[in-house]
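Student: Dropping a structure here in structure tokens format, bear with me for questions.
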Amino acid sequence: MSITIILFCTGQMTVNAQGKNTPQFGIKGGVNFSKLHTNDDSDSKMLAGYHIGLFGKVPVGSFFALQPEIYFTTKGAEVTYNGTFVDGTARFRFDYVEMPLLIVANITDNFNVQVGPYAAYLVSGRVRNEANINLFNFEENINTDDYNRVDAGLVVGIGIDFESASAGVRYNYGLTKVGKERTFMGTMYTFPDANNGVLNFYLAVPLVRN
């Protein structure tokens, strides 16, 4: 029995090692836990969401690979604010088409580290607000055009490779502000004055291996 297990594990490692030397193309998806990083992160609560799309993987030597991806992803957060006259909670939801370009470092045959930049385009943005005094109708007066269309940032993560799939966890941090700078009653403001942050868990399945 023990010999069978050893042979099976050796076979798994051999298949994974061979797979690392061939280009791949496949699908990936998973669950997101997103947040808006403001000056006071304690006021922002995570929202659950998802991402789904495509990936490619091109080996560069035995230990590194380039992994471009494109997928649809949700982001956002629930932000609590306290003003002089108004207290409330705003729930932001954003839909992006996102394109990271990652460098994948194979630490072992089954474990890798990923790092690289990403760029994303905002498809839609919406907000729902609940306040003790409704001085401003967020739903009717704020729409997708009130947010920056482009989001860009950095990705770090780790992955585990199996024979026919891979899984991992990543964190995406946006370096651009979500909200645009606006003027209201002679006062300049950015709403939300925040950056995207997303923790995601994914599963990737290669469809083509050349």
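Student: Arrange the peptides 70-77, 167-174, 52-59 so that the one whose residues have, on average, the most other Cβ atoms within 10 Å appears first.
Tutor: Per-residue Cβ counts within 10 Å, averaged per peptide and sorted highest first, yield 70-77, 167-174, 52-59.
Student: Right, next: Return the long-range amide H neighbours of residue 148 (sequence gap of 5 or more, or a different chain), with a cut-off of under 5 Å between placed amide H atoms.
Tutor: Hits under the 5 Å cutoff: 179, 180.
Student: Between residue 89 and residue 182, what is 0.36 nm times their sequence separation minus the Cα-Cα distance? Round to one decimal in nm.
Tutor: Net length gain for the segment: 31.5 nm.
Student: Here is a further query. Full extension from residue 105 to residue 80: what is 0.36 nm times the residue separation minus their Cα-Cα distance, to one decimal in nm?
Tutor: Between residue 105 and residue 80, full extension yields an extra 5.1 nm.
Student: Among the lysines, select those whose C-alpha is under 21 Å from the C-alpha of residue 35, and discard any that sit fewer than 8 residues away in the same chain.
Tutor: List returned: 45, 75, 177, 180.
Student: What list of ³J(HN,Hα) values in whole Hz, one per residue of the stretch 161-167 in order, does the Karplus curve 6.51 cos²θ - 1.76 cosθ + 1.60 (θ = phi - 60°) give from phi, with Gly and Pro shown as x?
Tutor: Running phi through 6.51 cos²θ - 1.76 cosθ + 1.60 with θ = phi - 60° gives 9, 10, 5, 10, 6, 9, 9 Hz.
Student: Would you mind computing, in nm to one decimal, how far apart the modelled labels at residue 121 and residue 72 are, each placed 7 Å from Cα along Cα→Cβ?
Tutor: A separation of 1.5 nm, rounded to one decimal place.
Student: Could you work out how much longer the chain between residue 21 and residue 158 gets when fully extended? Use 0.36 nm per residue separation minus the Cα distance between them, nm to one decimal.
Tutor: Answer, rounded to one decimal: 47.4 nm.
Where a number appears in this text, it was derived from the coordinates with a stated rule and is not lab data. As the structure is a computational prediction, the values presented were derived from the model and not from experiment. Don't worry about glycine lacking a Cβ; one is built from the backbone with ideal geometry, like all the others, and counts go over all protein chains shown.
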